[in-house]
Amino acid sequence: MENITSLSSIYALYQKLYEDIYVMNDETDLQYFKFVADSMKAYYPNSSLTKHLFENISLRERQFETQSKMEELLSYAEEKGSLEIVLPDIHGDTVRLSDLKGKVVMLIFWSSRNAQSISSMINLQNIYNKYNHKGFEIYAISLDNNRTQWISAINFNEFKWINVSELSYPDSHADRMYNVTRLPTNFLLNKEGALVTRDIYGRTLEIWLDNLL
């Protein structure tokens, strides 16, 4: 890359092929971002462009790391099915995710402390009621550490599906297994227990269920 000490080199990093597709959009392109960033730090340490460039590099690194982990997860799922989870429900009974094979299962991570999670779960109720008798189940993992608060949220909102939790957040393990970085996050498993897609809601979820059930 020429003129690496020029501020114009920053703009060169963000050239687009199309409206929403960048020329430098692969993980291997990060080296060019870092070359320019190091140069900008040396010549323009106080520039806001330099600061934003370093922030963008950190963001891209996290995104590529997440993408890599998700690809590993999908590869494993394609080969062996979903990763096994064994957790206690609100009654203390152990429920294995693998015991639900034969049903289409939504594995959802949520928290009673997270308003967006609660809203998402409430919006799932109509779909659950519509498809549950056809073989659709929800395995909801709460990332909580307060049993009373967790159960209160379930009872108050009348979440009738399978509710489980380690009650050890932030030291829980299931969310790490599935590389959960935000709440809510969901994964859809087919009748064989293999992961087929993630983070789907509303009409999109219904279309998937119509095809899988």
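So which residues in the range 107-139 are among the hydroxyl-bearing types (Ser, Thr, Tyr) and either farther than 20 Å from LEU195 by Cβ or within 17 Å of the chain's Cα centre (by Cα) (or both)?
Hits for the range 107-139 are SER111, SER112, SER117, SER119, SER120, TYR139.
If I ask for residues that are within 26 Å of ASN211 (Cβ to Cβ), assigned to a helix (DSSP H, G or I) and among the aliphatic types (A, V, I, L, M), which ones from the range 116-158 would you list?
MET121, ILE122, LEU124, ILE127
Would you mind telling me which numbered condition in (1) touching a Lys or Arg at 6+ places or on another chain (Cβ under 8 Å); (2) of a type in the set (Asp, Glu); (3) over 24 Å from GLY92 (Cβ atoms) ASP199 fails?
Failing condition for ASP199: (1).
In the range 96-110, what residues are within 22 Å of LEU183 (Cα to Cα) and at pLDDT 95 or above?
Across the range 96-110, the qualifying residues are VAL104, VAL105, MET106, LEU107, ILE108, PHE109, TRP110.
Restricting attention to the range 140-179, and to residues there that are of a type outside the set (A, V, I, L, M, F, W, C) and touching a Pro at 6+ places or on another chain (Cβ under 9 Å), which single residue is nearest to PHE109 (Cα to Cα)?
So the first thing to find is which residues in the range 140-179 are of a type outside the set (A, V, I, L, M, F, W, C), and the list is 142, 144-149, 152, 155, 157-158, 160, 163, 165-166, 168-173, 175-176, 178-179.
Applying the additional criterion that residues be touching a Pro at 6+ places or on another chain (Cβ under 9 Å) yields 145, 165-166.
Values: ASN145: 14, SER165: 10, GLU166: 12 Å.
Of everything passing the filter in the range 140-179, SER165 is nearest to PHE109 (Cα to Cα).
What is the one condition in (1) more than 16 Å from the chain's Cα centre (by Cα); (2) surrounded by 15 or more Cβ atoms within 10 Å (Cβ to Cβ) that SER142 does not satisfy?
Among (1) more than 16 Å from the chain's Cα centre (by Cα); (2) surrounded by 15 or more Cβ atoms within 10 Å (Cβ to Cβ), SER142 violates only (1).
Which of the residues spanning the range 161-204 are of a type in the set (Asp, Glu) and in a loop (DSSP other than H, G, I, E, B)? Before the answer, list the steps.
Residues of the range 161-204 of a type in the set (Asp, Glu): 166, 171, 175, 192, 199.
Passing the criteria: GLU166, ASP171, GLU192, ASP199.
Exactly one of (1) among the small types (Gly, Ala, Ser); (2) crowded, with 17+ Cβ neighbours inside 10 Å; (3) under 19 Å from LEU87 (Cα atoms) is unmet by SER117. Its number?
Unmet condition: (3).
Suppose the filter is at negative phi, in contact (Cβ under 8 Å) with a residue 60 or more places away in the chain, of a type in the set (S, T, N, Q) and in the same structural domain as ILE90 (by TED's automatic domain parsing); does SER142 pass it?
In short, no.
Checking GLU84 against (1) modelled with pLDDT under 80; (2) touching a Lys or Arg at 6+ places or on another chain (Cβ under 9 Å); (3) exposed (fewer than 14 other Cβ atoms within 10 Å of the Cβ), which test does it fail?
(1)
Going through the range 182-196 one residue at a time, which ones are surrounded by 15 or more Cβ atoms within 10 Å (Cβ to Cβ) and modelled with pLDDT under 90?
Scanning the range 182-196 gives GLY193, ALA194, LEU195, VAL196.
Yes or no: GLU137 within 19 Å of TYR201 (Cα to Cα), of a type in the set (Asp, Glu) and in contact with a helix residue (DSSP H, G or I) (Cβ under 9 Å, 6 or more places away or on another chain)?
yes
Can you name the residue in the range 149-173 that is touching a residue at least 40 places away in the same chain (Cβ under 8 Å) and more than 27 Å from HIS133 (Cα to Cα) and is also surrounded by the fewest Cβ atoms within 10 Å (Cβ to Cβ) among such residues?
Once the filter is applied, the top-ranked residue is TYR169.
The values are calculated or read from the model by the stated rules, or taken from the named source; none is laboratory data. Predicted model only: the values in this text are computed from it and were never measured. Positions of Cβ are generated from backbone atoms using ideal geometry, with glycine treated the same way; all protein chains shown enter the neighbour counts.
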